[in-house]
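To start, the structure under review is shown below, and the notes come after it.
Values in this text are rule-based calculations from the coordinates and carry no lab data. As the structure is a prediction and not an experimental result, all values here were calculated from the model. Virtual Cβ from ideal backbone geometry, glycine too; neighbours counted across all protein chains shown.
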Amino acid sequence: MRKIIVAGNWKMNHCYNEATSFVKELLPQLAGINEAKIEIMIAPSFLFIDQLKKLAQDSTLLIGSQDVSSQAQGAFTGEVSAQMLASINCDFAIIGHSERREYHNESNELIKEKLNKLFEHKIRPIVCIGETDKEREAGITEQVILKQLAGCFANMDLSGHQDVIIAYEPVWAIGTGKTATPEMAEEVHAMIRSWLTSEYGSETAEAIHILYGGSMKANNIESLVSQPNIDGGLIGGASLKVDSYLEMIKIAHKI
Ligand code: PGA
């Protein structure tokens, strides 16, 4: 049985005081949450991962990064390596987010390199994929998704990495208030699951979590996560306030 994952992607939001107060306010309210059923994650700025990890150390809250370098170490100004993240016990890392793909020209090949670095340092990856509005309108969503999967996971055997998380985030739904309907999202999630089955077999495909992302909020999380192949959400805007994030956690917990 896959757990439900509720993952907050804070993007470039929350400075030190806001980030620490958020976690201090959230933690006591997670007391009744059954960790066998649900995993709760937050990806703050790189700067605050260490501090938030320390605050969350006796809890089930997982703290991760929003990116990682594809390089191991050396002269790469401004980059953060997987080894650095592992040295502060970072729990997970988001890679291939559409904002990285768009503003930093990240390719599937580069994302695959990042994925390898995370595997090397045993940091759980969240690999983001998704089509643009133009691609959906052109009717090529399936081709785009299959190309991203084949590129990001080229020559990799995920049967040894069943904790990898895939986030399907239609680019047109991110930060726009437009959400994919549960049926539209489920169609793509089922396609991703069937690709995983054909590549790695059903045991691995059934173990891997596939999250939906794109304007997920308290008023749509239930209908999305109730779909058979939607295992939770990667949440941007609605994860920035304790109240709305906690409301989503509570709804997911009841599903
Ligand atoms: P959003 O962002 O929930 O604000 O649409 C989701 C994401 O980019 O991961």
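Residues Thr132, Thr77 in ascending order of nearby Cβ atoms (within 10 Å, fewest first): Thr77, Thr132.
With each label modelled as a point 7 angstrom along the Cα→C-beta vector, the Ala218-Gln51 pair spans 2.7 nm.
Footprinting exposure proxy ranking of Ile140, Ile111, Ile174, fewest other C-beta atoms within 10 angstrom first, gives Ile140, Ile174, Ile111.
When Rg and the Kirkwood radius Rh are both evaluated on Cα atoms of the stretch 1-82, their ratio Rg/Rh stands at 1.02. A Cβ-based charge dipole, computed about the Cα centre of the chain with Lys and Arg at +1 and Asp and Glu at -1, lands at about 480 debye. If you take the Cα centroid of the stretch 122-149 and the Cα centroid of the stretch 29-82, the two points sit 24 Å apart. Across the stretch 101-183, Cα-Cα pairs more than 19 Å apart make up 41 percent of the total.
Each of the peptides 2-8, 152-158 was scored by the mean count of other Cβ atoms within 10 Å over its residues; in descending order, highest first, they stand as 2-8, 152-158. Expressed in Å, the radius of gyration and Dmax of the Cα atoms of the chain are 17.0, 49. Here the residues Phe119, Phe48, ranked from fewest to most Cβ neighbours within 10 Å of their Cβ, fall in the order Phe119, Phe48.
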